[in-house]
Amino acid sequence: MEEASTIDSLADELWVSIAAFLPAADLLRFGSACRRAHGLPTDALWRALCEMRWAGWPHYKLSPAREAWLEERLPATTWCARYQHTETDAARTTMTHEDVCSLNWHFNFTPSAGGQGKKSLMKASFSETQLFIPEFAPLDYQLVTPGGIGAAAPEAAGDGNGGALYAFHSLRLADSRCWLVYNDNVTLVSCGPDFELGDYDERGFLTYMHMHQ
């Protein structure tokens with residue numbers, strides 16, 4: 001009978017210690033390299049990778065609320081599976097109605113429209129058909145996939161003169177995986193469960209930019 005190779009004779013704890021130095025892509029390959037590697041208890045490593053990877057992404061940051069969401073939506077799955085699911089979800093470039101309605105939002109005017117950075121920053125929310133911003137009447141909207149968000153229709157969101165209540169808003173994903181809804185005058189940025197903002201600060205969103213006359 002052949003003796004086991006030195007590496008095969010290593011204790012699981014040593015294998016896991018070696019795996020701890022690997023980035024996510026290499027850890028995935030490591031787990032499929034052989035039966036021994038596949039059976040190692042690496043869930044704690046994957047959880048740590050999730051926490052590090054999502055730290056700068058307000059939607060996905062591993063807060064108690066996010067963990068509860070994962071337990072509800074992805075029960076009985078490994079942290080490796082949760083990592084892969086989130087990577088796929090965070091790479092989407094189109095928004096769904098569930099995204100619009102379930103996420104928290106911050107709203108601000110651009111500097112040219114009177115925005116004053118954090119001083120004029122407001123929380124906002126969407127229902128299935130309306131946008132709610134403090135001190136403003138609810139605004140009807142529709143999600144135009146994949147382009148953005150616009151007024152629902154002149155008769156549903158009219159200004160009383162047969163025109164749309166507000167202009168079409170473009171839609172894109174920021175580097176922090178937050179959704180941006182914007183036009184020349186306003187910016188809406190999605191944020192975490194506790195209204196935590198990422199590092200987005202373009203268009204005078206957080207920092208006041210004085211507009212010269």
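For the range 95-114, backbone nitrogen atoms closer than 18 Å to the point 7 Å from MET122 Cα along Cα-to-C-beta are found at 104-114. Local charge for GLY117 was computed over the other residues whose Cβ lies under 15 Å away, with Lys and Arg +1 and Asp and Glu -1, and equals 0. Going from the residue with the fewest nearby Cβ atoms within 10 Å to the one with the most, HIS85, HIS59, HIS38 rank HIS38, HIS85, HIS59. Packing-based ranking of 103-113, 41-51 yields 103-113, 41-51, ordered from highest to lowest mean Cβ neighbour count within 10 Å.
Listing VAL186, VAL144 from the residue with the fewest other Cβ atoms within 10 Å to the one with the most, what is the order?
Numbers: VAL186 19, VAL144 12.
The most exposed by this proxy come first: VAL144, VAL186.
Net charge of the neighbourhood of ASP194, taken over other residues with C-beta under 12 Å away and scored Lys/Arg +1, Asp/Glu -1, is +2. For every other residue with a beta carbon closer than 15 angstrom to the beta carbon of LEU22, add +1 if it is Lys or Arg and -1 if Asp or Glu, then tell me the sum. Cβ neighbours under 15 Å give a net charge of +1.
None of the figures in this text is laboratory data; all of them are computed from the coordinates on show. Not measured: the values here are computed from a predicted model. A quick note on method: Cβ atoms are made from the backbone with ideal geometry, for glycine too, and the neighbour counts reach across all protein chains shown.
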